[in-house]
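Peer 1: First, the structure itself, so that you have it in front of you.
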Amino acid sequence: MMRPNIQSNPGAGTVEPRYFTIKQAAVYLSVNPRTVRRLVQQGKISEYRLTKDTPRYARDDLDLSLIHI
């Protein structure tokens, strides 16, 4: 399965970030952002709060969730 090129710094090559926003996570998984929220509610993806208001999703959790989708 080919992954979209999501870069934390577009000029830095093909390094993917360790944590994704909900939109980035949805693109990474090829699903709708609502599906990401549903997967969190089902306990298939963990949500991390690196700042007060913005949830983030770890790339490793997203990779593991591909087994469950």
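Peer 1: Answer rounded, prolate or oblate for the range 17-57, using the Cα gyration tensor with square roots of eigenvalues a ≥ b ≥ c: rounded when a/c is under 1.5, else prolate when a/b is larger than b/c, else oblate.
Peer 2: Note, shape of the range 17-57 comes out oblate.
Peer 1: What is the spin-label model distance, in nm, from residue 30 to residue 54 if the labels are put 7 Å beyond Cα along the C-beta direction?
Peer 2: 2.7 nm
Laboratory data are not the source of any read-out in this text; all were calculated from the coordinates shown. Just so you know, these numbers come straight off a predicted model, no measurement behind them. All Cβ positions, even for glycine, are placed from backbone atoms using ideal geometry, and neighbour counts span all protein chains on display.
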